[in-house]
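Colleague: Got a structure for you, questions after.
The values are calculated or read from the model by the stated rules, or taken from the named source; none is laboratory data. Keep in mind it's a predicted model, so treat the numbers as computed, not measured. Note that each Cβ is placed from the backbone with ideal geometry, even for glycine, and that neighbours are counted across all protein chains shown. The protein model used for the area step is the full one, side chains on, heavy atoms only, and it has no ligands, DNA or RNA in it. Shrake-Rupley method; radii C 1.70, N 1.55, O 1.52, S 1.80 Å.
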Amino acid sequence: MRKILIVDDEVNIGLLLSKFLTRNSFVVSTAVSGVAAMDYLSKETYDLVLCDYRLEDTDGKEMLIKIKESYPSTGVIIITGYSDIKLAVELIKLGAYDYITKPLYPDEILNTINKAIETQIALNVNQSESLSEAPKQKTVKQTYSQAENFVAGQSQASKDLLKQIQLVAPTTYSVILTGESGTGKESVAKAIHLNSPRKDAPFVAMDCGSLTKELAGSEFFGHEKGSFTGALYTKIGHFEMANGGTLFLDEVGNLSYDIQAALLRTVQERKIKRIGSTKEIDLDVRIIVATNENLANAIQKGRFREDLYHRFNEFSINLPPLSQRGRDIMVFANTFLGVANQELSRNVEHFSEEVEECFLTYNWPGNVRELKNVVRRATLLTETEEIQLKALPLEISTYAKASAIENSISRAEKPRDLKNAALEAEYDAILRVLREVNFNKTKAAKILNIDRKTLYNKMRAINLDT
């Protein structure tokens, strides 16, 4: 039976929650102060703490920091009587599973508690194995020795992704990873490998997008010395290098049809021959492939073999874009900040509120890869403890400002007349085109069929000129 500690100075609420959770098969303790709660935690191991944000002797933020520092294996949910999005982001960044507001609805809170406990158990298991856990400390002065490995996020999309990794990792299934460019497909492939029985064997990554037709056979299968002009030495191919472990093929949709046929034979027979050799080499390789294109469409167009697709597609995972993982943006950003501090020997501790707002507003077309590069650049440009807005690329801060203006206009009451409707339509058209071209005004003016001066004047009229 799972153990829950309720911390609330309103005795009636604590009592009601205790009775409700006890009826749902939890072992429940209650505390009316932060001091009492820490005393309970020092004597007993709890799976989860439900903590009210406003306490007489402390607040939920300080309690969260203390719990995560002393009892990192315990999950925390903060409960409050009012909603504050900035506070919610900060609490989640510090390690809270969730932040929920009163009034509390039984089904909702029970569902949240169950998910929180499941997630905490998964994160604890991952920590004891090789799957990196998302950072949960107040600052980011930590060592990220496996910076390129999978980082578990807090959003529902990330939790679903984590469950799929845990489900498929122990199997021998081939896996197709799909998703937009920059969503972290290689990190997920490494996570699957590190949580499989093959974790002590090689993980070999191969970029199929950079292969020429002439070199592909040698890169995949290797060659013997003298087997063709320029073969000055014996080369071991990627399949042979990954024998016993995992071979990750990135951008597999770019392979030529001839190489696809050779791959199909290898996957079916589990044997290879180096170019120029008659000796067969037995293979025991798990294959994980990644693509940012729709392979089903490629099959219909005759660019990808359907039989090879089905060989690869024993299990598929679609990685959500960063724009659908809002709660994870600051988790990733703080992880990358820790990595950048190590790489650059810096001591940057956090992001300003304006930077966090920009990160949460921006649409991240380059996904996690873009976020990582932005954080690394900002860390390099920052000589204080806090990353300021001026350290961000112009397109991010401009996009955030434009979105803020758009939101304020949409919330404002507009007169219902044709003139205003025309101005609003013009504004929407300008903003849409500017976003499409990353605020390149020359390109925008060309698409809108106006000169640059006219575009500048219109932008100034709607406060988009800076």
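Colleague: Starting from residues that are open to solvent by 30 Å² or more (accessible area, probe 1.4 Å) and of a type in the set (S, T, Y), keep the ones in the range 195-232 and report whichever is modelled with the highest pLDDT.
Modeller: Selected residue: S227.
Colleague: Report those helices (runs of 4 or more DSSP H) wholly inside the range 300-385 carrying at least 2 residues which are in contact with a helix residue (DSSP H, G or I) (Cβ under 7 Å, 6 or more places away or on another chain) and farther than 30 Å from R265 by Cβ. Outline the logic, then answer.
Modeller: Details: elements: 306-312, 329-344, 353-361, 367-381.
Once the helices (runs of 4 or more DSSP H) in the range 300-385 are filtered for at least 2 residues that are in contact with a helix residue (DSSP H, G or I) (Cβ under 7 Å, 6 or more places away or on another chain) and farther than 30 Å from R265 by Cβ, what remains is 329-344, 353-361, 367-381.
Colleague: Another one. If a residue must be part of a helix (DSSP H, G or I) and crowded, with 17+ Cβ neighbours inside 10 Å, how many such residues does the range 16-35 contain?
Modeller: 4
Colleague: Which of the residues spanning the range 146-194 are more than 14 Å from the chain's Cα centre (by Cα), assigned to a loop (DSSP other than H, G, I, E, B) and at pLDDT 90 or above?
Modeller: Answer for the range 146-194, where residues must be more than 14 Å from the chain's Cα centre (by Cα), assigned to a loop (DSSP other than H, G, I, E, B) and at pLDDT 90 or above: A169, P170, T171, T172, Y173, S174.
Colleague: Hey, another quick one. Quick one: A402 ticks every box in (1) surrounded by 15 or more Cβ atoms within 10 Å (Cβ to Cβ); (2) modelled with pLDDT of 75 or more; (3) among the aliphatic types (A, V, I, L, M) bar one, so which box is it?
Modeller: (2)
Colleague: Between a residue in the range 258-284 that is at positive phi and assigned by the TED database to the domain that holds G237 and any residue that is surrounded by 17 or more Cβ atoms within 10 Å (Cβ to Cβ) and part of a loop (DSSP other than H, G, I, E, B), which pairs come within a Cβ distance under 8 Å, given they are 6 or more apart or on different chains?
Modeller: R270/L283; R270/V285; G276/E224
Listed here are the residues, each with its yes/no results for (1) at pLDDT below 90; (2) farther than 26 Å from P170 by Cα.
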residue: R286; (1), (2): no, no
residue: A290; (1), (2): no, no
residue: N294; (1), (2): yes, yes
residue: N313; (1), (2): no, no
residue: P321; (1), (2): no, no
residue: A333; (1), (2): no, yes
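Colleague: Determine if the range 236-249 includes at least one residue that is in contact with a helix residue (DSSP H, G or I) (Cβ under 7 Å, 6 or more places away or on another chain), among the charged types (D, E, K, R) and assigned by the TED database to the domain that holds S174.
Modeller: Within the range 236-249 (the criterion being in contact with a helix residue (DSSP H, G or I) (Cβ under 7 Å, 6 or more places away or on another chain), among the charged types (D, E, K, R) and assigned by the TED database to the domain that holds S174), the answer is no, since none of the residues qualifies.
Colleague: Condition first: surrounded by 13 or more Cβ atoms within 10 Å (Cβ to Cβ) and modelled with pLDDT under 85. Can you find one or more residues in the range 382-396 that meet it?
Modeller: Taking every residue of the range 382-396 in turn, at least one turns out to be surrounded by 13 or more Cβ atoms within 10 Å (Cβ to Cβ) and modelled with pLDDT under 85.
Colleague: In addition: Could you please find all residues in the range 92-127 being of a type in the set (A, V, I, L, M, F, W, C), modelled with pLDDT of 80 or more and touching a helix residue (DSSP H, G or I) at 6+ places or on another chain (Cβ under 7 Å)?
Modeller: Just the residues of the range 92-127 that are of a type in the set (A, V, I, L, M, F, W, C), to begin with: 92, 94, 96, 100, 104, 109-110, 113, 116-117, 121-123, 125.
Next, only the ones that are modelled with pLDDT of 80 or more stay: 96, 100, 109-110, 113, 116-117.
The answer is A96, I100.
Colleague: Can you name the residue in the range 233-255 that is at pLDDT below 90 and open to solvent by 40 Å² or more (accessible area, probe 1.4 Å) and, of all such residues, is farthest from F312 (Cα to Cα)?
Modeller: Checking each candidate, the answer is Y233.
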